[in-house]
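The values are calculated or read from the model by the stated rules, or taken from the named source; none is laboratory data. None of these values were measured; they are calculated from a predicted model. FYI the Cβ positions are ideal-geometry reconstructions off the backbone, even for glycines, and counts take in every protein chain you see. Just the protein is used for accessible areas: all its heavy atoms, side chains included, with ligands, DNA and RNA removed. Shrake-Rupley method; radii C 1.70, N 1.55, O 1.52, S 1.80 Å.
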Amino acid sequence: MSESKKSTKADLTTEPTKAGFVAIVGRPNAGKSTLMNALLGEKISMVSQKANATRKRINAIVMHKNNQIIFVDTPGLHEKEKILNKFMMEEALKAIGDCDITLFLAPVTDSTEDYEKFLTLTKRPHIILLSKIDHVSNEKILKKIQEYQQYQDKFLAIIPVSVTKGGIGFTQILDEIAKHIPESPYLFNPDDLTTEMLRDIYKEFIREAIFDNISDEIPYESDVLIDKVEEFPGLEKIRATIIVEKQTQKGIIIGQGGAAIKRIGRDARLQIENLIGKKVFLDLFVSVKKGWTNDKKFLEDIGYKF
Ligand SMILES: Nc1nc2c(ncn2[C@@H]2O[C@H](COP(=O)(O)OP(=O)(O)OP(=O)(O)O)[C@@H](O)[C@H]2O)c(=O)[nH]1
Ligand SMILES: [Mg+2]
C-alpha cells in the first residue's frame, strides 16, 4: 500500500542504511496496537478497550533517520482453549522468532510475573517497554524500573512509554532499536506505510467497530470477510460480511430496525475514509457460521494460516 500522507521520510545521510523487523508483544490490552499506530503516525491496526482485539500480525513501516523499522503488531500473549486463540498465540510466537528484536510491552501497573513467563517463551533479544505510564506517579515508574533490574542481563534496555501523553519515550525506542538492526538496503519503499493489503485493514476497522458497539462475547465470536472492493475516482465501494456463531447474535449485530449495524457501518466507514482520504460506501451483511472459532478448516479458509 502506498500512501502520500506519510511524513517520516528517510534522512539524506551518508551513513549506511539499516533495516529490520521488530515484534511488539505483551499481554492482551497492554497497548501494543496503540503504540504501533502512534509510532507510524497513522492508524492501521485496530484498538479496543476490550482485550484480545488483535488476531493476526500487522506490519507498519517506520522510517527513522537511516533506519527502516518494520514493526509487527501481534495478538496478546494469553492462554485459551479455542483454536482461534491457539492461532493467535502462535502468531505472537512466530513474530518473536521471525523478527530481529522484540519489544515486550508491560503496563507499568503489571507485576513482573508476565515478564518471567515471557522469558520462558524466548531467549531472543528484546527491549522492555513500560507502557501506560500516564496512569502512575514518577516514583512508581522508578520503583517498577528497579524491580526489573533483577533481570538486567536478560534485556537490552527498559524504556517507559506513554502514547496518550504525547508519545513519551518514542525517540528513545527508535534510537535503541536502530542499535540492534542490521545494515541492509531498505526492504520496502520508504513511502509505504504498511505491507498489508488495504482490504485487510478495512476488515480490522469493521472488527473494531463491532468491539466498540457490541458487548459481551459477541465481538469474540464474530469476524469480518471483505467480499468485494470497487475503486472509483473519489469513492471506494466495499461489501463485507460479519460472521457470528449464533442466530441470536445476528439479531443483536443488526439491532432494532438495523440501528446497531448502522452504527458499526458508520464508525468503520469514518476510519476507512480517514485512512484513504476518499469517500467510502460500506455495505454490511451478517451471516451465521456455528462454531467457527473452533473450526480449523474454516479458520484457514478465512485467512488464519496456521
Ligand atoms: N492511559 C493509556 N491508555 C493506553 C495507552 N496505550 C493504550 N492505551 C489504551 O489501552 C487499551 C488497549 O489498547 P490496544 O492498543 O488495543 O492494546 P493491545 O495490546 O493491542 O491489545 P490486544 O490486541 O487485545 O492484545 C485501549 O483502550 C487504549 O486506548 C497509554 O499509553 N496510556
Ligand atoms: Mg492489539
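Out of everything in segment 272-306 that is assigned to a helix (DSSP H, G or I) and aromatic (Phe, Trp, Tyr), what residue ends up being least open to solvent (accessible area, probe 1.4 Å)?
Here is the first cut: in segment 272-306, the residues assigned to a helix (DSSP H, G or I) are 272-276, 292-294, 296-301.
Filter once more, so that each one left must be aromatic (Phe, Trp, Tyr): 292, 298.
Numbers: Trp292: 0, Phe298: 38 Å².
The extreme case among them is Trp292.
Any residue at all in segment 219-231 that is part of a helix (DSSP H, G or I) and open to solvent by 70 Å² or more (accessible area, probe 1.4 Å)? Don't jump to the end; show me each part of the working.
Restricting attention to segment 219-231, the residues satisfying the condition of being part of a helix (DSSP H, G or I) are 219-221.
Those still in the list that are open to solvent by 70 Å² or more (accessible area, probe 1.4 Å) too: 220.
Yes: segment 219-231 contains one or more residues that are part of a helix (DSSP H, G or I) and open to solvent by 70 Å² or more (accessible area, probe 1.4 Å).
Would you mind telling me which numbered condition in (1) open to solvent by less than 60 Å² (accessible area, probe 1.4 Å); (2) over 21 Å from the mean Cα position of the chain (by Cα); (3) β-branched (Val, Ile, Thr) Ile133 fails?
Answer for Ile133: the failing condition is (2).
Please find, among Thr112, Thr102, Thr171, the residue that is surrounded by 13 or more Cβ atoms within 10 Å (Cβ to Cβ), more than 24 Å from Gln49 (Cβ to Cβ) and free of Cβ contacts under 8 Å to residues at least 40 places away in the same chain.
The unique qualifying residue is Thr112.
When you scan segment 170-189, do you find a residue that is more than 17 Å from Lys65 (Cβ to Cβ) and either in contact with a helix residue (DSSP H, G or I) (Cβ under 9 Å, 6 or more places away or on another chain) or among the acidic types (Asp, Glu) (or both), even just one?
Of the residues in segment 170-189, the ones more than 17 Å from Lys65 (Cβ to Cβ) are 189.
Still in the list and also either in contact with a helix residue (DSSP H, G or I) (Cβ under 9 Å, 6 or more places away or on another chain) or among the acidic types (Asp, Glu) (or both): none.
No; the residues of segment 170-189 include none that is more than 17 Å from Lys65 (Cβ to Cβ) and either in contact with a helix residue (DSSP H, G or I) (Cβ under 9 Å, 6 or more places away or on another chain) or among the acidic types (Asp, Glu) (or both).
This table checks each residue for (1) touching a Pro at 6+ places or on another chain (Cβ under 9 Å); (2) outside any loop (DSSP other than H, G, I, E, B); (3) near ligand 2 (Cβ under 9 Å from one of its atoms).
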| position | (1), (2), (3) |
| --- | --- |
| Lys43 | no, no, no |
| Lys50 | yes, no, no |
| Ala53 | yes, no, yes |
| Lys56 | yes, no, no |
| Met63 | yes, yes, no |
| His78 | yes, no, no |
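Is there a residue in segment 58-80 that is out of contact with any Leu (no Cβ under 8 Å at 6 or more places or on another chain), surrounded by 19 or more Cβ atoms within 10 Å (Cβ to Cβ), without any contact (Cβ under 8 Å) to a residue 40 or more places away in the chain and not acidic (Asp, Glu)?
No; the residues of segment 58-80 include none that is out of contact with any Leu (no Cβ under 8 Å at 6 or more places or on another chain), surrounded by 19 or more Cβ atoms within 10 Å (Cβ to Cβ), without any contact (Cβ under 8 Å) to a residue 40 or more places away in the chain and not acidic (Asp, Glu).
Would you check which residues across segment 262-297 are in contact with a strand residue (DSSP E or B) (Cβ under 9 Å, 6 or more places away or on another chain) and within 23 Å of Leu84 (Cβ to Cβ) and list them?
Ile264, Ala268, Leu284, Phe285, Val286, Ser287, Val288, Lys289, Trp292, Thr293
Scan segment 26-38 for residues that are surrounded by 23 or more Cβ atoms within 10 Å (Cβ to Cβ) and either in contact with a Lys or Arg (Cβ under 7 Å, 6 or more places away or on another chain) or more than 12 Å from Leu105 (Cβ to Cβ) (or both) and jot them down.
Gly26
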